[in-house]
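Visitor: Following this message is one structure expressed as structure tokens.
Every number in this text was worked out from the coordinates using simple rules, so none of it is lab data. Note that this is a predicted model, so its numbers are computed, not measured. Virtual Cβ from ideal backbone geometry, glycine too; neighbours counted across all protein chains shown.
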Ligand SMILES: Cc1ncc(COP(=O)(O)O)c(C=O)c1O
């Protein structure tokens, strides 16, 4: 054992210590205490610890408040300043929330199956927090990876019918990990132009040649693939598009990728748990086999009702991410209690398929009734239902009117998309509007009435 390790044992006052990924045990802790540990460890017992680095020179760090204020004013003038609404309480499966002192129906949550406050999910969370504490204490590769993570990864791999799965703290980080780890300079990445921001950011950050193809246009992708040169090539798409709610043409994308030897990476954040005969998501709904889509990402913060994300695929894919993905390695592990709660969610999801059926019944009912009112909907069979309102002003007015009638909402908008409102269905009840980016569209989530549990 090196002097440095002996010194650490001495400092810890313990006879065992983690060093990298190994648990080291000093055979005789007393010996460590008496030994001169100065050589190589930077610590000299006679002189004490090395002196701290000199204080950094004081640099005046005035926030450029004037400049920032001008930027913020510009945002506000363009109607693009976002507002955070404080949710004062939430109840009834997340269906009702209190905002600005009044109770409203929530139409803007992704908790499609009403699992975020399901008694068995909450109980699993509490029990694991008692056992493991609330924080994981370190990253997965140091000492943050516990039995709950191991079990959840195995269960997610089985659920997605893939050899392995790897947990991430968020979907954003998982997406960054996949694209930036697997691609670099000299490679090519093709993305649907309406992909989630995290996928677009990942493509740009990877250093690969980045191209966007027209939304859900497999033929356009195919012709771009045909024209592309040598090197690794990845096609990246949402399974269910998070703003418009439509499903990617996965069969066509898979066949274009197969023909050109490109990897298909699907982010199924909004499909898992909801689509497919057994809730396995948009790949199951499209009848695709795991080999058709070598890289699958799923989030736990949506239909699972918890938090976090995972990537599922081959042993080699997962091992590569585990060994080299910076957003996996250099961050604190998901708390064990969240992993335990996600395991409980996965069980409920599989044991109670009626939740999925209810969501889809609500989608159908919402579409039927909206059409009866003459509302124009975009083509979506998922809980995300965009309603075209024609103008930003109409979207804003509708949002305000809905709030006044007790329907909670949040404004957001997407400049390139038609002025629309979006509604989503979840198992629980009605969910609030959310005008998408810049008030051009609103999002509605209609959720089914809650069943007695
Ligand atoms: C399609 C899609 N991918 C990725 C993410 C990011 O997941 P997370 O919230 O876990 O970071 C989201 C939404 O949040 C999403 O809608």
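Visitor: Would you order 126, 178 from fewest to most other beta-carbon atoms within 10 Å of each residue's own beta-carbon?
Guide: Values: 126 13, 178 30.
The most exposed by this proxy come first: 126, 178.
Visitor: Taking R0 as 22 Å, what FRET efficiency do you get between residue 75 and residue 205 from their Cβ-Cβ distance, rounded to the nearest 0.05? It would help to have the intermediate numbers written out before the result.
Guide: Details: r = 24 Å, r/R0 = 1.10.
It comes out at approximately 0.35.
Visitor: If each residue's Cβ is checked for other Cβ atoms within 10 Å, how do 112, 172, 213 rank with the fewest at the top?
Guide: Listed from fewest to most nearby Cβ atoms, that is 172, 213, 112.
Visitor: How would 329, 384 line up from fewest to most surrounding beta-carbon atoms within 10 angstrom? List each step's numbers first, then the result.
Guide: Details: 329 15, 384 27.
Listing 329, 384 from fewest to most nearby Cβ atoms yields 329, 384.
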